[in-house]
1. As a test, work out the antiparallel percent of DSSP beta bridges whose residues both lie in chain B, rounded to the nearest 5.
2. Averaged over its residues, how many other protein chain Cβ atoms are within 10 Å of peptide B:408-420's Cβ atoms?
3. As an exercise, use a Förster radius of 51 Å and the Cβ-Cβ distance of C:D156 and B:K440 to find the FRET efficiency, rounded to the nearest 0.05.
4. Nearest 100 Å² is fine: how much accessible area is buried between A and B, summed over both sides, with a 1.4 Å probe?
5. Put +1 on the Cβ of every Lys and Arg and -1 on every Asp and Glu Cβ in chain C; which of C:A127, C:A83, C:I68 then has its Cα farthest towards the positive end of the dipole?
6. Looking only at other chains, what is the average number of their beta-carbon atoms within 10 angstrom of each beta-carbon in C:163-172?
7. Under 10 Å, Cα contacts only: if you run a Gaussian network model on chain A, which one of A:K286, A:K58, A:K105 comes out with the highest mean-square fluctuation?
8. Debye calculation, C-alpha points only, no solvent: report log10 I(q)/I(0) for chain B at q = 0.06, 0.07, 0.09 Å⁻¹, in the same order as the q values.
Amino acid sequence: MPSPFILDRTSVTQIMAWVLAALVPAIATYVWLFGPGILVTLSIATLTAVGAEAAMLKARGYPLRPFLVDLSAIVTAWLLALSLPSLAPWWLIVTGTLFAIVVAKHLYGGLGQNIFNPAMVGYAVLIVSFPVQMTHWAAPLELTSTHLTLAQSSAVIFGGDVPMATVDAVTMATPLDSLRTGLLRQLTVDEVMTEPIFGRFGGTGFEWLAAAFALGGLLLWALRIISWHVPLTFLAGVWLTAGFLHFYDPGRFGPPWFHLFAPSVMLGAFFIATDPVTGATTPRGKLIFGLGAGFLTLVIRTWGGFPDGVAFAILLMNLAVPLIDQYTQPPVYGGSTRKAKEPAA
Amino acid sequence: MTRELHTFKGGVHPPEHKAESSGRPIHAAPLPRKLVFPLRQHIGNAAKPIVEVGDHVKKGQMIAAAEGAISAAVHASSSGTVTAIEPQPVPHVSGLPDLCIMIETDGRDEWIDHAPLDYRTMAPAELRGKLRDMGLAGLGGAVFPTGVKLDPGATQHCPTLIINGGECEPWITCDDVLMRHRADEILQGVAVMRHLMGSTEILVGIEDNKPEAIAAMRAAAAALDFPVEVVAVPTLYPSGGAKQMTEILTGKQVPSGKRSTDIGLQVFNVGTAYAVARAVHHGEPLISRLVTVTGHVLRPQNFEVLIGTPMQTLISLAGERDGTTGVLMGGPMMGMPVPDLEAPVVKATNCLLVQSRELFPPLPKALPCIRCTRCADACPAELQPQELFRFAKAGDFGRAQEYHLFDCIECGCCSYVCPSHIPLVDFYRYAKSEIWAHEKDKRAADLARERHEFRQFRQDREKKEKAEKLAAKAQAARAQAAQDQVRRAELATEPAPAPAAAAPADPDAKKALIAAALARAQAKKPDAAPKNVDDLPPAQRRQIDEIETRRAKIRELARQPLESEEKNT
Amino acid sequence: MLAAILVMVLIGVVTGLVLGWSAIRFKVEGNPLAEKIDAILPQTQCGQCGFPGCRPYAEAIAKGEADINRCPPGGEEGVKKLADLLGIEPKSLDEAHGTPKPKSVAFIDEQVCIGCTLCIQACPVDAISGAAKQLHTVVASECTGCELCVAPCPVDCISMVPIAEDLPHWKWKHPVIELKRVA
Amino acid sequence: MMTMSEFRSLFHNGLIKQNTGLVQLLGLCPLLAISNNVVNALSLGLATTMVMAASSGAVSSVRNFVPNEIRIPVFVLIIAALVTVIDLSMNAFVHPLYLVLGIFIPLITTNCIVLARADAFAAKNHPLHSVVDAVAMGLGLTLVLIVLGAIRELAGKGTLLSGIDLVFGEAAKGWVLHVLPNYRGFLLAILPPGAFLALGMLIAANNWNKARVARRVRHAVPAAA
Amino acid sequence: MTPQLQAALKNAARTATVLFVFATIGTALLAFTHDRTEPTIARGQLAAKRALLGQVLPAALYDNDLLTAEQSVPPDDLLGTRQPSSLWLARRQGQFSGAALEAVAPDGYGGDINLLIGIDAAGRITGVRVTAHHETPGLGDYIERAKSAWIDQFSGRSLTNPEPKDWRVAKDGGAFDARAGATITPRAVVKAVKSALDYFARHRAAFAAAPPSVKEKKA
């Protein structure tokens, strides 16, 4: 075994564990704002993901140990679960997770080989195939009189065909959905935004969730697990595009802060677009990747067929990664006539 | 005055482990009974032996001469008798033996006549040749022949001379200790280098984790009649890399694919400067060097070691311990495992690092690359190691080269930080050596094509010439015959000579010659033939049969070579 | 209806004229494909493919008259490169033309050699030196290992010696990462 | 004219070894667009087969009169004419189905598999062989289309043969098989991405099977020797 | 003239002749097929159109040939049209008995939803069909008759049944069902159908008074 003979301590497992840890504030906020249903969703997704991962590893002839303890399957499961509506039926969660692990991850070659972010593939498959069930968002607790306990949430999730009325009573359109619907009813943005779901700046409850995602993201950045490039440019992409549109016609396009704090953007910017496997690797590439994903998110939100665009935007940018990487190769040492850098001392 | 320091991109900071061996004074290693001198101790052509088995040599006597432009001589490091010139274990990662000169020492340690050189009056080229003949090569690790590097190029002027005391690899302290104890002599060597390079600015870069060395060098520099700036640089691996040290001190990057003299500077290791001083001021060729012996030994320290000393001797000297799992030559980042401790200390041996399970736990199993780009962040050559890895692994060497594989300095930073624990550097070494092999094959193929085409051209020409000759001969014969007839008619009484008698004998004669030779060979054969056919294992016999059938086929082909071509046209 | 037929016919006639004319005017001379194929072939000139040398084989491949799997010295890797160049499926080597062997060079046993020059005439790359009735020697660096000199030798003094791995020839191996369980 | 083994090898080539959908990956545009149920798939497959058989026969018959320079224009002309004939006929006689298949009937002209077989096979072989080859190739494509259609229809809607009334009239409505009653529906399978996914899986399965067979052959050889 | 040019011209003449022959044969084949299938195709297309109209206007309602009773009407806000659209007047024994009209619901989730609406002389809806739309598959496309019977709930409705204020989806307090998760699509359709009824009411008198056009035929 040739050199080097020593290693830094960081391992893949550690990185993944930190990502999971960084999601904890968001999960706590989720429980506080929308009730404990998310815990059921997370458990279902985790169990499915681990089971599917184990089965696929076995089928492909890989040893279970190093790959199961790398925690990557659980990260995928959590990211998917946090993107799903909190009262999505159990089979929806299972289908999405299976698709993410089996098709998006393992059929593409497993850890490190997948082109698309598995969690987002799972999400995209679900939103395309089951658009109705993908609207079962629990109403924020401060806007509803019906509080679901853990048991009740489980009942809804496992209940199979719960009468629509029951679901209708505890679910609510998300702010993005409401904005979309309102605009289609020829209302102006200001008129739509008087609805209670819009809250202070990013939608009642949702804004805190977004903040919690951002907090976790900052933790990852502080630990040097993610670099600033992708999150910052992603947010900038969303902000600039939304700002431009809003400036152009405030009546037809939502304000930029609203788009920024619809929680999927924070989740996407800090946890999904930063997925190293499917993201750009060069510094300039990361900037383009983030900016492009932010821009596409807004384009899809505004003109696309679905209310949110983060997942599709990231998947589209995933597709462009090889191209981006190829054309943004940084100069090598001594490869360009750079000026001497500023003195360090 | 503090100098403006610059930073290079990337780098890592592994645990230093310098204190273990840097505290003790330099200890001279005893004269071993046997010395081994590999002929390939430097970059470039192997040296060519100029002694024979049985010769008696003195200490400092040249035993192998430099061969070609980039090469360095090899000298006996003590007096004794040449016992063998044969392949022996050498410190090489392959574990393959290489040609060495073996000397049994006589214990007298008797020097050859030697005297200091008056370098100021010598022509530069002559001095460089002298250094080459004294076997000087870079002692920092790359072992590039020093004489070649001491050429400022066409401009005859290299403004900046950098003396590299970075020694950034963990564990190694031989340069540190050398600077602490022999700063004066290092600077004497620097004076020679300055003279040859025509430098005006001399910078000595030393990592700031070696304050004693910095102090010693500064004190020695103060006494000189020319300015030498000793600069403390931040401790960060690989700041001791020549390019990295250059950038830290000057902010300049050596352009990719160019030499440092192209931007007016040259870098030498402190050990090399010391060796130059010994060579010039004492007339001593490179026959010894400092070697750090550290790690899992009882007394980690630095030895002054005669080149050619078996490594095992040094480890015993430092105190071998139980639980040794291996020995590295060099540091933990760029060193290589020593396959056989009978291998000698060579010019490149700066450190022997003895491993144990505690100091060097087995590396965890590698996982797939997750493209986290920590390697790219750590790479001091500013490459994209994850892409190079992908291409090297897939055997796409062309793309690897496009991504500047050959700018990789194999420092190991990428492997060090890789969270998937992939032996990245191994992949780059593999890719590089494959590319070299491919290029070699390609050159061989081109040569073969050229030679083949030339041969065909020659054959065509010969055929044509032969045909012409035959035609001429036939014509001559016809003319002769006609003349003969005329003559016969005229001189019917004279008997006609037989003109054609000699001609047909020509091919027959050749055949006869071959037959005769064949017969001679058959007579000789009894001792040659049996080794081909008798007592062969069935597999080999089958192989022979195979060859026979193919030969038959080829013979057949040769008999009707044009058939297939005729069909085509 | 008539208009349709007229239009079609007109288009047909015009394109026919243009195509027929350009086919003659813009004909490309030479065969650049054979050059490219020849560059891939190992140039051992061994004739195992059934052609008298690498170049004729390359031309035959370019014309589609010979399969790409007839060159054992090129090995599977060579077949793959040819397949890539020609845009066809790689196939395994045709064993009728021999199997790949470790690279070797010819070695003449000088005890036995009678200096008949037959091997010199057989060598496709002039890698054997020596004159009539003198000992012959193989210039190892120029020998392609084609074995063509082995057959003509009347005293069987030529043997093929595999090139041993020594330091200058040593290569780093592909690092082994054991991800999969060994089947 | 044609031996049984020739016939068999042509069919083996068309259905398995050089299957257009799974191995050559030619003519994927209609393959992906029209395979959302069995009936559409079968109809388009048969239409393509018909065009291929007719065009291969025609091309093969005239192959000796067509100069090399204009062989492509002539072949395209033949194929385009035949496709238009089929297009008009379908419009006239199975109008509802024609409406569903729509643009993909005229697009058969540009389906590269038709031209590929015309140029690669029919232009060099006897008409009889060419027609058999075209039919085999067409059936290979049809087979893949049907399997793809069945997978997508089953996964997407839980039925088989839905829309058969478009071919056989109202009476055929009862023939639709509701394989999975009360199936919730997996929309992705019906949508265009579903076609890519399903085809990908089919190709993977085919390759896996090939690799398995190859492995078995490899293992079998030393045992036999 | 160089020999090469001569060869080129000769070759050109040859290829042109061959292409000429094939073009002639191919076009002739097409002409023949076209001739043979033209009437069938025309019949088929008319039949298809008639069948569609038949889905929104029951055959018992009229005895004229609807296809010949087609009129073009200018764009109208109530119809949601931005281009002239078609209108078919049904008569029984010469008396105005109903109309089928094209309408557009412009505010669907995915843009325009094209509708064909049948209304009898009394202003009651006899049938509604969606002829084109871009609603989300699986979410808003249940308005297609082929996907669900949802669209049938309009049959028999009129401006007074239910009351104008109840011409909304149930979620907004009206009389029409809508499925959970997709309220924009049904809202748009309900609104468009009501507008079409308004349009019909406004023009009913004119429809009744309009004489049969000259080309109109009895069924």
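The values are calculated or read from the model by the stated rules, or taken from the named source; none is laboratory data. Predicted, not measured: the structure shown is a model, and the values here were computed from it. Because the Cβ atoms are built from the backbone with ideal geometry, glycine has one as well, and the counts that use them run over all protein chains shown. Only protein heavy atoms, including side chains, enter the accessible area calculation; ligands, DNA and RNA are left aside. Shrake-Rupley method; radii C 1.70, N 1.55, O 1.52, S 1.80 Å.
1. On the way: 37 of 60 bridges.
Of those bridges, close to 60 percent are antiparallel.
2. Details: counts 2, 1, 3, 2, 6, 2, 1, 7, 6, 4, 5, 13, 8.
What the average comes to for B:408-420 is 5.
3. Numbers: r = 31 Å, r/R0 = 0.61.
For R0 = 51 Å, the calculated efficiency reads 0.95.
4. On the way: alone 16880 and 31030 Å², together 43670 Å².
The buried area between A and B, both sides summed, comes to about 4200 Å².
5. C:A83
6. Counting Cβ atoms of other protein chains within 10 Å of each residue's Cβ and averaging gives 6.
7. With Cα springs under 10 Å in chain A, the top fluctuation among A:K286, A:K58, A:K105 is at A:K58.
8. For chain B at q = 0.06, 0.07, 0.09 Å⁻¹, log10 I(q)/I(0) is -0.46, -0.57, -0.80.
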